[in-house]
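Following: one structure in structure tokens, then a few remarks.
The values are calculated or read from the model by the stated rules, or taken from the named source; none is laboratory data. Model, not experiment: these values are computed from the prediction. Because the Cβ atoms are built from the backbone with ideal geometry, glycine has one as well, and the counts that use them run over all protein chains shown. Note: areas computed on protein heavy atoms with side chains; ligands, DNA, RNA excluded. Shrake-Rupley method; radii C 1.70, N 1.55, O 1.52, S 1.80 Å.
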Number of protein chains: 2
Amino acid sequence: MANTMIGFEHMKKLSRKSPSKIVLLIIDGVGGLPHPETGKTELESAKKPNLDYIAKGSLCGLIDPISSGITPGSAPGHLAIFGYDPVKYSIGRGVLEALGVDLELKPEDIAARGNFCTVDDKGTITDRRAGRISTEKNAQLCQLLNNISVSGAEVSVIPVKEHRFVLIMRGEGLSPDLADSDPQQVGLAPKKIQALSPQAERAAEIANEFVLQARRLLRSRVANIPSANMVLMRGFSRLPGIPSLSEIYKLKSAAIAVYPMYRGLARLVGMEVLPTGDSITHQLESLHRHYADFDFFFVHFKSTDSRGEDGNFEAKVRAIEEVDNSLPKLLDLNPDVLIVTGDHSTPATLAMHSWHPVPFMLKSKWCFPDSVTEFSERACLDGGMGRFSAVEIMPLAMANALKLEKFGA
Amino acid sequence: MANTMIGFEHMKKLSRKSPSKIVLLIIDGVGGLPHPETGKTELESAKKPNLDYIAKGSLCGLIDPISSGITPGSAPGHLAIFGYDPVKYSIGRGVLEALGVDLELKPEDIAARGNFCTVDDKGTITDRRAGRISTEKNAQLCQLLNNISVSGAEVSVIPVKEHRFVLIMRGEGLSPDLADSDPQQVGLAPKKIQALSPQAERAAEIANEFVLQARRLLRSRVANIPSANMVLMRGFSRLPGIPSLSEIYKLKSAAIAVYPMYRGLARLVGMEVLPTGDSITHQLESLHRHYADFDFFFVHFKSTDSRGEDGNFEAKVRAIEEVDNSLPKLLDLNPDVLIVTGDHSTPATLAMHSWHPVPFMLKSKWCFPDSVTEFSERACLDGGMGRFSAVEIMPLAMANALKLEKFGA
């Protein structure tokens, strides 16, 4: 792969607006490992005439979302494909949690991940998850905590699942440079939230005041859920200052994703999130409806990853077939550049995200088609791109859409 | 190869302790070039059923220890495989010489490479190697020089082969930032040792005082070896501050190497050096004895490199066959991750280290086995890793041993 990457400053100068369309289909966790009995991966086991048809006219390869051996979480996996160095542009736990419940953060908002927990009379943590209270009870408690008022900031609490919530602190001049209160183990008391830099002193006071009031409310009779008598806070963070796809590539971009976290990641890089129904067919209908209005579309398909994480090889194969089945609707549009890949591998045999490189293909009038005739891990290894870094995808997409000027004279 | 490498700070957070075992077999200088008559390399000429058997279930590739066209010395070649950027973590000549005679340096010790040489009456160098005096005479002279006493530091002299020795200066607050006294050519006088920074003034005084006293002793009647009447010093250096494999990867690691330099390099990165007999069979017996006590084993096989440097193609082929023959003893242990590679190529046709990339294979339950069925330069080129950088090996080993958490959420 290329040793030297063109930075965003150069890319801003090289990119130009044009009517061509780029569609990026991310099949989450699509890469897999051979089934111990058949020796074939999920992709190799699936009937996928449309993916294979695309492969025949494409430039293929295998991407490393981060680097050799490193298993990507969903956020770095997507950011890399969107062109951002996933190590440089890291996303804090609190922000990620907020994205996951479809919250639209403002640039100055501080988000933190909260757990309801149980402490004993001495204040020592006995259960970091409050006995995994129900999501309904969580919603009641969050409603209660939303009565908290702290001077100098607006604090709000949004329920996630079971014992999890998101705290948002909105106020002027607050820094997210705060340590966790969660000691990550039972038998200890929650820690006071410490400012990690002088600018964060005010935010620390506000966060500690929130925790104090939360403790009072949760142990009061109003709350009445004894196992959830305290909160643990971690991952204080703010939206990373990330240049948008529009700034870098002059792209008007849109996301068609069902799950909140992926919609949040898309917003983070400046995409507009389009309304869509739940299935890939609905998503591609949305693509058709909005096709005239954007230059770049990110379509996210989730269930390949979910079935991989379940360890259900057959179900992951069926999920691949489901995407494949929907593809004629995408091919109808004949986008100038069509990219199909995944944000990481999720082999059903491992039942988790993995470090294995991910099949990739790019079809355009101007790509150099290689000899690959099948969309799979093994076949893509022989592709024209070989093995390469995911951050190279956006420049390739732009080039094939003829949206990049030449570098130097 | 990967664009973004995960730094040690990230790796420290991602790595976790687990019972899985990693075995790294380095066949020194294993890569070669085709024999002009047969067109086959040393690996392609050898009968090596066990190496080929491993290749069949492995992820294969070709490593560049440093980068295209750069021929690695043994130290950078090994450091890269151990995961250290060989350009950033460079090892001074003096330290390397000390490692080569199995000296255990302290972090503050300054080591320098010394040559006995011949100077004429005017002090001009006439032979930089003192007529390559015998190793026995060298030992006598070093014994004599060990009578030297300098105020402010303990100096000691250790014989290497022929005209070579190591000088160790041990004292408080000494800096190794010193220029060589060796002008690297005859017809000039040895240079006074210059401090290259103000902090090195004291060390320069000590080094010059050592040279002065050495000159006096060597020209005296006690020495009585007229060709060795002066010393030339170069490569003043200290152990590099190198984080250990235990700090970075939480690995308890051990080395099974016969030659002192490789034991020294292993110690440098925090490995425990295990006792072993001289043959690869003895080394693998040592591996068996200590298998329960460590997570990571580095086994070093030397004679492939030595025979390559001799320019003896047939002998290098036999050395490869010797390793191959021993492998069932290694495979018996069925390590969770087995890696076989070399620190550089040493083609017998060139009779020296070379820049050619080196065959690599990694076998584990979780590797993606590729279509390679033979362990050789040509076959590994088609491997799943393609051509890649040696510093990617450690993250891959860790991932395949399931010793890494995912990066980001």
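List of remarks:
- Paramagnetic reach from A:Ser279 (point 7 Å along Cα→Cβ, amide N under 13 Å) across the stretch A:332-362: none
- Euclidean distance between Cα centres, the stretch A:123-194 to the stretch B:316-366, Å: 54 Å
- Per residue, the average separation of C-alpha pairs within less than 8 Å and at least 6 apart gives the stretch B:28-140 a relative contact order of 10 percent.
- Remark: relative contact order (the stretch A:335-375) = 41 percent; criterion is Cα-Cα distance under 8 angstrom and separation of 6 or more residues.
- Taking every Cα-Cα distance in chain B and sorting them into 10 Å bins from zero, the calculated P(r) comes out as 5, 21, 28, 22, 16, 8, 1, 0 percent.
- Cross-link partners of A:Lys88 among aspartates and glutamates (Cα-Cα below 14 Å; sequence separation of 8 or more within a chain): B:Glu9
- Copy-to-copy label separations for A:Pro260, where each label sits 7 Å from Cα toward Cβ, in nm and ascending: 6.6
- The protein assembly as shown: translational diffusion in µm²/s, Stokes-Einstein, Kirkwood Rh over Cα pairs, 37 °C, 0.692 mPa s: 109 µm²/s
- Cross-link table A:Lys161/A:Lys191; A:Lys56/A:Lys250; A:Lys40/B:Lys48; A:Lys21/A:Lys302; B:Lys12/B:Lys252, entries beyond 26 Å C-alpha to C-alpha: A:Lys56/A:Lys250; A:Lys40/B:Lys48
- Gyration tensor verdict on the stretch A:303-354 (Cα atoms; rounded if a/c is under 1.5, prolate if a/b is larger than b/c, oblate otherwise): oblate
- DSSP-assigned coil residues among trypsin sites (Lys or Arg not before Pro) in the stretch B:24-126, each with at most 14 further Cβ atoms within 10 Å: B:Lys47, B:Lys88, B:Lys122
- Taking every residue in B:396-408 and counting other chain Cβ atoms within 10 Å of its Cβ, the average works out to 6.
- Relative contact order for chain A: 33 percent, from Cα pairs under 8 Å spaced at least 6 residues apart, divided by residue count.
- For the stretch A:49-181, the normalised intensity computed at q = 0.09, 0.10, 0.20 Å⁻¹ comes to -0.42, -0.50, -1.23 (log10 of I(q)/I(0), Debye sum over alpha carbons, equal scatterers, no solvent).
- Cleavage-rule hits (GluC sites (Glu not before Pro)) in the stretch B:116-199: DSSP loop, at most 13 neighbouring Cβ within 10 angstrom: B:Glu172
- If the Kirkwood radius is taken over C-alpha pairs of the stretch A:258-409, then at 20 °C and 1.002 mPa s the Stokes-Einstein diffusion coefficient equals 126 µm²/s.
- Backbone N atoms of the stretch B:142-162 closer than 12 Å to the 7 Å Cα→Cβ label point of B:Val101 belong to residues B:142-146, B:156-162.
- The interface between chain B and chain A buries about 2500 Å² of solvent-accessible area in total (1.4 Å probe, ligands and nucleic acids excluded).
- For A:Thr373, inter-copy label distances in nm, listed shortest first [label point 7 Å out on the Cα-Cβ vector]: 2.0
- Solvent-accessible area lost in complex, 30 Å² minimum, residues of the stretch B:325-368 relative to chain alone, 1.4 Å: B:Trp366, B:Phe368
- A label point on A:Ser151, set 7 Å along the Cα-to-Cβ line, lies at 6.9 nm from each of its counterparts in the other copies, closest listed first.
- Rounded Å value of the spacing that divides the Cα centres of the stretch B:291-305 and the stretch A:231-305: 49 Å
- Rg ratio for the stretch B:11-125: its Cα radius of gyration over 2.2 N^0.38 Å, N being its residue count, equals 1.56.
- Accessible-area ranking of A:Ile6, A:Ile393, largest first, probe 1.4 Å: A:Ile6, A:Ile393
- Restricting the GluC sites (Glu not before Pro) of the stretch A:1-77 to loop positions (DSSP other than H, G, I, E, B) with no more than 16 neighbouring Cβ atoms within 10 Å leaves A:Glu37.
- Which of B:Ser156, A:Ser197, A:Ser90 is most accessible, then next, and so on - probe 1.4 Å: A:Ser90, B:Ser156, A:Ser197
- With the whole protein complex present, A:His282 retains an accessible surface near 80 Å², based on a 1.4 Å probe.
- A 1.4 Å probe run over chain A, with the rest of the protein chains in place, finds 40 Å² accessible per residue.
- Accessible-area rank, largest first, for B:Arg219, A:Arg132: B:Arg219, A:Arg132, with all protein chains present and a 1.4 angstrom probe.
- Globularity ratio of the stretch A:102-258, using Cα Rg and 2.2 N^0.38 Å: 1.13
- When shorter helices are ignored and each DSSP H run of at least 4 residues is given -39500 (n - 2.57), the per-residue value for chain B at 222 nm works out to -9000 deg cm²/dmol.
- Heavy-atom surface analysis with a 1.4 Å probe gives the protein assembly as shown a carbon and sulfur content of 49 percent of its accessible area.
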